[in-house]
Amino acid sequence: MPQLNDTKKPGGSVLNINDFIQNPAVLECVSELKAKFSNDKPFIVSDVLDKNGNQYVNLVQKGGGVLGVALVGYTYILELMGIRFLRLAGTSAGAINTALMTVIDKKEDAKSLSILQAICELNFFNLVDGHPAARWIIKKFITHNDFAGRVKKWITGILFVAAFLIVGDFLFLGLEHKFEFLSILTKLFFVLTGFYFLVIILIIYYVSRLSKRLKNSGYGVNPGNYFYDWIKEQLIANGVNNVTDLNTKASTLPELHLRVDNPEGTASLKGDVTFIASELVTQNKIQFPDMCYLFRTKDQIDTLQPAGFIRASMSIPVFFESYMIDNIPCSSDEIKKAWMDTMGEPDPPSTARFVDGGMLSNFPINIFYNPKVVMPRLPSFGIDLDDSKPDETEKNATAWSLLGYVGRMFNTIRFYYDKDFLLKNKVYEKGVGKIPLADYNWLNFFISDQDKINMFIRGAEAATKFLKDFDWDDYKNNRTVMQQALNKESTSEPKK
Amino acid sequence: MSIYLQFHWLPFCIAFAIALLISFIMSILGKNFYMMHLVIRKFSIVDFEFPASAMELVSVIKDIFSLPGALAKKSLQALRSQLYLDFLFMPALYGSIFILSMKVSGKMIYFGHSLFAILAWLQCIAWICDIMENIYLLNKIRSEPVVSSPAVHRAYEILEVVKWGIPLITGVCCFAAIFYYWLAGSYSKNSLYFLMITVLEIVVFFVLKKLTAKTEKQNLANFLEGSELQ
């Protein structure tokens, strides 16, 4: 088991929960909300309540690498306002927070402080657990704005020195026939040239070893073992050892009642958890733990490790090694049927290979869509990590570099799946709060403690703004109207 | 007492030929270097010589033992055989570099004469480091390997740098000096025969390697032959 290093503040003290929650900006958020909602204007966000008066919502959390710290700031404020979560879903960093919110304590308990504690104890840089050379390159690329420019300068310098040495060799070799005393210098130049080329050959060999290593590791720079061990430790510490434990924890609800009558009642309310991952062998979106039946027969489900689902969901391609589930009993009838029924796949793989769920659905709010419910009893909240930079060149279709062009294509494909759902179901956007994080790099695992605190504050501020603006009645009415219209459309369809 | 020893080119050619022959046998053994890291993957002896961390060295060993029984045995047998064979490879390799360096030293005067003689004797240190490395690895290769302490791992890293650094630096210095004498035309006709023999040895080595070369897929199929995973 890896040792978790405490993150140290510049003064040498350990980062603790109070650095986050006692921050004046966070306290200001709390007092603002308390001032806005009082007995005259009660705080209402849902019709589903427990006996302690906690209000229940569904929550989806977006992926975004280290920006995930902001998610904790957001959920901290929601929990502080007495909001609890019935169904949870997330991708990548969102999956990590979702997992911790699922397993820590009971549904009716606030979990953000425990998650903050875990964050305080985690040294983010340990998550970058690849080869030291790869770690060094990643660090330089992320923390230096013009690292590529510097590399270009180094290569030019290397070529220049090589040319200088070769010219020197020939120059002195020619001169020593006339000036014998130069023979010492000629030999020295030859030896230096040999050394120089030895160093270059070693560098080339080392780089080729690293690229071979990258290939052997499934094109992932970091094995992700540290993260896997860390999240597994968190799950086990909270009594989740296998898939059954995870499902039990996610579905165990306190006694619930409704604020106002609803034809659906409370019986059909259920708790669950979903982590999104992209499967590359069959090219599918996988929802864990719901789709475990694709990888193991029912009696073997608990041989899968839930930590692997979160590890799969956060496998940023190239940055982390893909996560794999092997020994899939692909010849069993049960597995064959499961793949055929769910994915239309007649030939299940024996090994499945997962990368970040954000490749397909980084903000999976669509999984809470239930056409059978006309009048919602609770809203679906979403936390969006907005790191888009206000850049003029982004809007100028002819000003992109090749990398920018490829990036735009990639992002168009990547984001459209979730965007399409929100465009068609605009009312769901009313439940989404955006955390502005344009000045942070989502891959910067070297962030300072102050940056962690600042991101937490951004999350808290975004949650405060969202709760101040959110109108449950308006949301409920809009969703009811939308669903009625959709149902009407679908029933009138056959007549056409 | 002089540190300089005089040699003929013939012992160099013989030692170099033996080094190439053993290297060829070791490359054949290396075709069975596989481990199970979620899926069956190739590893090389360099993964043992330059692991990213003490933990990674242990992980590679564990991954070899994770192969299904017969395959793990096959891979481990190949690895251990290569390490044992390395004990024969060492005197041939370091010996040939030693002779080469002494030959260059003989051509040099003043500082160069002493420098190349010292470089030649330094091969003994590289040889000792190589022996220590092999003993360390042979002890490490077991089903439940222990992660070395940071100090031990650091010492192992230094040992590797010394083991590789000394022969590489000596080789490059010798090559540069020989290249210089070649361009300056300062060589005896007699040594040309031995140069041709050395070049011929290298050519034969690469031809043999080419003849026995197989694609990664074929190597894996050979490795899996007779196992359930085939």
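List the aspartates and glutamates whose Cα lies under 13 Å from the Cα of A:Lys452, skipping any in the same chain that are fewer than 8 positions away. Within the straight-line cut-off, A:Lys452 pairs with A:Asp19, A:Glu121, A:Asp439.
Averaged over peptide B:179-189, the number of partner chain Cβ atoms lying within 10 Å of each residue's Cβ comes to 3.
Shielding by partners for peptide A:192-200, expressed as the average number of C-beta atoms from other protein chains within 10 Å of each residue's C-beta, is 4. Along the stretch B:200-206 the Karplus relation, 6.51 cos²θ - 1.76 cosθ + 1.60 evaluated at θ = phi - 60°, assigns HN-Hα couplings of 4, 4, 5, 4, 4, 4, 5 Hz to successive residues, with x for each Gly and Pro.
Can you give the average number of partner chain beta-carbon atoms within 10 Å of each beta-carbon in peptide B:32-41, as a whole number?
Details: counts 0, 0, 0, 1, 1, 6, 11, 6, 0, 4.
Partner-chain Cβ atoms within 10 Å, mean over residues of B:32-41: 3.
Computed from Cα atoms, the angle from the helix B:54-65 axis to the main principal axis of chain B rounds to 60 degrees.
Scanning residues 5 or more positions from A:Phe85 or on other chains, those with amide H under 5 Å from its amide H are A:Val57, with H placed 1.01 Å from N in the peptide plane. Candidate membrane-span-like segments in chain A, meaning DSSP H helices with Cα atoms spread over at least 27 Å of their own axis and a Kyte-Doolittle mean of -0.5 or above, are A:147-175, A:183-216, A:402-424, with no membrane implied. Split chain B at each of the GluC sites (Glu not before Pro) in a DSSP loop with at most 15 other beta carbon atoms within 10 Å, and the longest piece is B:1-224. How far is helix B:150-184 tilted off the main Cα axis of chain B, in degrees rounded to 10, range 0 to 90? So the inclination is approximately 40 degrees.
Need one word for the stretch A:341-496: rounded, prolate or oblate. Basis is the Cα gyration tensor (sqrt eigenvalues a ≥ b ≥ c); a/c below 1.5 gives rounded, then a/b vs b/c decides. Can you show the working numbers first?
Working: a/c = 1.75, a/b = 1.26, b/c = 1.40.
In terms of gyration-tensor shape, oblate.
Among the chymotrypsin sites (Phe, Trp or Tyr not before Pro) within the stretch A:160-253, those in coil by DSSP and having at most 15 neighbouring Cβ atoms inside 10 Å are A:Phe179, A:Tyr219.
Looking only at B:Met26, B:Met102, B:Met55, which one moves most when chain B is put into a Gaussian network model with springs between Cα atoms under 10 Å? In the Gaussian network model the winner is B:Met55.
Think of each Lys and Arg Cβ as +1 and each Asp and Glu Cβ as -1; about the Cα centre, that makes the dipole of the stretch A:401-446 roughly 180 debye.
Considering every pair of different Cα atoms, what Kirkwood radius, in Å, is found for the protein assembly as shown? Walk me through the numbers on the way to the answer.
On the way: mean 1/r = 0.0329 Å⁻¹.
One over the average 1/r among Cα pairs gives 30.4 Å for the protein assembly as shown.
Centroid-to-centroid, using Cα positions, the stretch A:151-191 and the stretch B:1-65 are 34 Å apart.
Run through the stretch A:371-443 and list the trypsin sites (Lys or Arg not before Pro) located in a DSSP loop whose Cβ has at most 11 other Cβ atoms within 10 Å.
On the way: sites: A:Lys372, A:Arg377, A:Lys395, A:Arg408, A:Arg414, A:Lys419, A:Lys424, A:Lys426, A:Lys430, A:Lys434; in loops: A:Lys372, A:Arg377.
Hits after loop and neighbour filter: A:Lys372.
Using a ≥ b ≥ c from the Cα gyration tensor of the stretch B:155-230 (square roots of the eigenvalues), is it rounded, prolate or oblate, where a/c under 1.5 gives rounded and otherwise the larger of a/b and b/c decides, a/b for prolate? Oblate, because a/c is 1.5 or more while a/b does not exceed b/c.
Between the alpha-carbon centres of the stretch B:139-214 and the stretch A:406-437 there is a gap of 57 Å. For the residue pairs A:Lys215/A:Lys285; A:Lys106/A:Lys430; B:Lys42/B:Lys62; B:Lys62/B:Lys163, the C-alpha atoms sit more than 18 angstrom apart in A:Lys215/A:Lys285; A:Lys106/A:Lys430; B:Lys62/B:Lys163.
Mean separation of Cα pairs under 8 Å and 6 or more residues apart, divided by the residue count, gives chain A a relative contact order of 25 percent.
Evaluate the Kirkwood expression for the hydrodynamic radius of the stretch B:28-77, namely the inverse of the mean inverse distance over all pairs of different C-alpha atoms, and round to one decimal in Å.
Working: mean 1/r = 0.0923 Å⁻¹.
By the Kirkwood definition, the hydrodynamic radius is 10.8 Å.
Going down the table (A:Lys249/A:Lys476; A:Lys111/A:Lys232; A:Lys152/A:Lys187; A:Lys62/A:Lys337), which pairs top 22 Å between alpha carbons? Walk me through the intermediate numbers first.
Values: A:Lys249/A:Lys476 28 Å; A:Lys111/A:Lys232 18 Å; A:Lys152/A:Lys187 31 Å; A:Lys62/A:Lys337 32 Å.
Long pairs (Cα-Cα over 22 Å): A:Lys249/A:Lys476; A:Lys152/A:Lys187; A:Lys62/A:Lys337.
In this rough spin-label picture, where each label sits 7 Å from Cα along the Cβ direction, the A:Lys153-B:Ala213 distance is 4.0 nm.
Could you state the per residue volume, in Å³, of the convex hull enclosing the Cα atoms of chain B? Write out the running numbers ahead of the final one.
Values: hull volume 32.2 nm³, N = 230.
Roughly 140 Å³ of hull volume per residue.
Amide H contacts of A:Asp386 (H built 1.01 Å from N, in plane; Pro and chain starts excluded): A:Ile435, A:Leu437 sit under 5 Å, all sequence-distant by 5 or more or on other chains.
For chain B, modelled as a GNM whose springs connect Cα atoms under 10 angstrom apart, the maximal fluctuation among B:Leu21, B:Leu168, B:Leu38 occurs at B:Leu38.
In the stretch A:161-290, the C-alpha radius of gyration followed by the widest Cα-Cα span (Dmax) gives 33.6, 108 angstrom. Taken as Cα centroids, the stretch A:445-492 and the stretch A:286-351 sit 31 Å apart, rounded to the nearest whole angstrom. When the Cα positions of B:Ser59, A:Ala397, A:Gly68 are compared along the charge dipole of the protein assembly as shown, A:Ala397 comes out farthest toward the positive end, with charges on each C-beta of Lys, Arg, Asp and Glu. Within the protein assembly as shown, DSSP assigns beta bridges of which about 45% are antiparallel (rounded to the nearest 5).
Order by neighbour count: A:Leu269, B:Leu67, fewest other Cβ atoms within 10 Å first, most last. Don't jump to the answer; show the numbers that get you there.
Values: A:Leu269 16, B:Leu67 20.
The order, fewest Cβ neighbours first, is A:Leu269, B:Leu67.
Using the Cα coordinates of the stretch A:94-160, the gyration tensor eigenvalues translate into equivalent-ellipsoid semi-axes of 42, 11, 9 Å, sorted from longest to shortest.
The angle between the Cα long axis of helix B:110-140 and the longest principal axis of the Cα atoms of chain B comes to about 10 degrees, rounded to the nearest 10. Projected onto its three principal axes, the C-alpha set of the stretch B:1-92 covers 57, 26, 15 Å, listed from the longest axis down.
Every read-out reported here was derived from the displayed coordinates using simple, explicitly stated rules and does not represent laboratory data. Everything numeric in this text was worked out from a predicted model, so none of it was measured. No Cβ is skipped: glycine too gets one built from the backbone with ideal geometry, and neighbour counts run over all protein chains shown.
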